[in-house]
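Since every read-out is calculated from the coordinates, none of them should be taken as a lab result. Fair warning: this is a prediction, and the values are worked out from it, not measured in the lab. A quick note on method: Cβ atoms are made from the backbone with ideal geometry, for glycine too, and the neighbour counts reach across all protein chains shown.
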Amino acid sequence: MMIVDDVENGSLGPYQDRPRTFPNMRSKPYTPLIFRILMGINVRILVILLLLGSGYVFYIGASTSPIIVFVFSVCIISFLLSIYLTKWVLSKDEGPPEMAQISEAIRDGAEGFFRTQYGTISKMAILLALVILGIYLFRSTTPQQESSGIGRVTSAYITVAAFLLGALCSGVAGYVGMWVSVRANVRVSSAARRSAREALQVAVRAGGFSALVVVGMAVIGIAILYATFYVWLGVDSPGSMKVTDLPLLLVGYGFGASFVALFAQLGGGIYTKAADVGADLVGKVEQGIPEDDPRNPAVIADLVGDNVGDCAARGADLFESIAAEIISAMILGGTMAQRCKIEDPSGFILFPLVVHSFDLVISSIGILSIRSTRDSSVKAPIEDPMAILQKGYSVTIVLAVLTFGGSTRWLLYTEQAPSAWLNFALCGLVGIITAYVFVWITKYYTDYKHEPVRTLALSSSTGHGTNIIAGVSLGLESTALPVLVISVSIISAFWLGHTSGLVDETGSPNGGLFGTAVATMGMLSTAAYILTMDMFGPIADNAGGIVEMSQQPESVREITDVLDAVGNTTKATTKGFAIGSAALASFLLFSAYMDEVASFANESFKQVDIAIPEVFVGGLLGSMLIFLFSAWACSAVGRTAQEVVKEVRRQFIERPGIMDYKEKPDYGRCVAIVASASLREMIKPGALAIISPIVVGS
């Protein structure tokens, strides 16, 4: 039988028999070292170790605060729920053999790239940990460390341990995102042969597994560090560290998470965009073949990029954002409690952990609220997936308002200012509303149902130039509303905190900064559900590619096309949400930085005077770095895409039978090119982001 007949009949013909040889790839799926060690342990011994570990965690939690025990309990329950979601997703069938084969090729490419990328990141993290150790060993101690008896050596090892744990957890968060996506994509494709609602449910639950693990790890990692340091250092005992200063020891955790997230985003982003551009330029523009066509040599690289760029990288990115927000809010809460002489400051310090614990609960309810209907037929009318996801988000938002209000009453009530908790609850409401508005704004500018996208599509009818101009102008315009919303949120939250009634020794209001911290927590109080929608995007995109490559019936392609279109909107929505929360969190981080500098210098540091030449020049250099970093990242994508274009063109010239299905494309060669180039290109912009603050500050 001719190859073309095989493809038309839903088979890849000789493509099925081709061995999968991708770069940095083994004959079996890649598993990180820590998981291989765990899998090599006897099951009974592993269970005993897990029970002992859980017992230790709850012991230090009980020795610290009942709040920590609550946080541990919720996180463990969320992990159990994520295991249930995994088993549910993996219980779905993979469809016909041609679907499974394409999925395995994507999985091999993604895991091979992940192994090499994170191997490189691990080496750099260890090197940086040694640098941090040296810096802390030779820096002078702060007054708080001197009063609590913590010397340079102890401080250095605490910071390095926190840094390495943060880097490890961030790496695992990225791996979890990629692991589930490369296994769920084919199951979504197979479910689309039965009904759109079932395919949507599989994609959402797969994304939900990753989201719960990412948020849960961020919360439990910080909680374990906090409880361990509390017990080990004998916090609040005579002559020891005060509990209000304890959050300063967690800064290393956030830096480790940020370090891994930076390079994960760079490497994964360069990979996915370069493969996408290279595949589309030659395949769709020059050769006129559809997207995800099996004749395109770069199609597998394109699908791999969705997993390493939009799943693994996004998981590490949001892990870092949540960790940084929690730590900065804990620092601000401790500082405010100390200044206001609050009798029990633990509620203000641990409040961020409780908020994100409830985030796990309410997001789980939102995820489980998306269910398939009884009318499981491909011929049934295709419901709007975005409307279904929006209903789940609405459920999560309502529950977030209720749980946030209850959390503020539980933890932020103080007799010094009995109504302060209500002001902070309103700060949280400001953050929740901000998150909802950000989602709506992003949806408005990126959903094909709204005017901006339709206007952009209409501009394509008059040529490439007008299309590019319209796209750039639309992108510039889309920054206005988010900036206005963030500005109103910061001012509103600061005012609510400022008028909460909490005052310092001099009678001056002292709750403004903490009010903005609470607003940021409110915005991130539904982070797990938002991350679920983000993971949904690349999984749906991959499912569409698998359906296209395996030549499934048109009715199945219609379903995956709708899911893919909605997935593009959810990915953009999450990016907008992440940017908005980062803008609020940056205000917190700067405030927390000022508190730490004041602690280190043992003098007041309340404002930055831009009239000082050195400060003004520092601001100019910081603004310039944004454009330079972006330029280097774009150049990296462009250079990598050029290599892909050259390779795809070479294959079409040297193998003319590819277009007639008479010759096989070399998918592995394109994957090798993109993987190698993206790892090489991520070093330069990444080094700029890490080294430049040190150089300018010195």
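List of remarks:
- Over region 99-199, the alpha carbon radius of gyration divided by the compact-protein estimate 2.2 N^0.38 Å works out to 1.73.
- Within the same chain, aspartates and glutamates fewer than 8 places from Lys571 are excluded, and of the rest, those with a Cα less than 12 Å from its Cα are Asp306, Asp310, Asp447, Asp534, Asp541.
- Only one of [x] 25.8, 89; [y] 34.4, 123; [z] 24.9, 80 was calculated from the structure for Rg and Dmax of the Cα atoms in Å, and its label is [x].
- Too-long pairs where the Cα-Cα distance tops 25 Å, listed order kept, from Lys273/Lys646; Lys87/Lys123; Lys87/Lys449: Lys87/Lys123; Lys87/Lys449
- Semi-axes of the equivalent ellipsoid for region 436-493, Cα gyration tensor, largest first, Å: 28, 12, 5
- Short to long, the 5 Å bins of the Cα pair-distance histogram for region 480-550 hold 4, 14, 13, 13, 12, 10, 8, 7, 6, 4, 3, 2, 1, 1, 0 percent of all pairs.
- Share of Cα-Cα pairs in region 542-636 lying beyond 24 Å, as whole percent: 56 percent
- Linear extension gain, Glu643 paired with Leu137, 0.36 nm per residue minus alpha-carbon span: 177.6 nm
- Mean separation of Cα pairs under 8 Å and 6 or more residues apart, divided by the residue count, gives the chain a relative contact order of 20 percent.
- log10 of Debye I(q)/I(0), alpha-carbon scatterers only, for region 515-580 at 0.13, 0.18 Å⁻¹: -0.45, -0.67
- Residue exposure proxy: Phe358, Phe348, ordered by other Cβ atoms within 10 angstrom of their Cβ from fewest to most, comes out as Phe358, Phe348.
- Added length on full extension, which subtracts the Cα-Cα distance from 0.36 nm per residue, Trp410 to Asp609: 67.8 nm
- Rounded Å value of the spacing that divides the Cα centres of region 474-534 and region 172-199: 35 Å
- Extension gain, Ile491 to Lys662, is 55.1 nm, computed as 0.36 nm per intervening residue step minus the present C-alpha separation.
- For region 254-271, backbone phi angles converted through the Karplus equation (6.51, -1.76, 1.60; θ = phi - 60°) give residue-by-residue couplings of x, 5, x, 5, 5, 4, 5, 4, 4, 6, 5, 5, 5, x, x, x, 4, 4 Hz, Gly and Pro being listed as x.
- Furthest towards positive pole of dipole, Ser492, Leu303, Ala129, structure part the chain, Cβ charges: Ala129
- Computed from the C-beta positions of Trp440 and Ile690 and an R0 of 41 Å, the FRET efficiency is 0.70 to the nearest 0.05.
- Separation in nanometres of the label points that stand 7 Å from Cα toward Cβ, at Val617 and Leu90: 5.8 nm
- DSSP-loop GluC sites (Glu not before Pro) across region 598-648, with at most 16 other Cβ within 10 angstrom: Glu603
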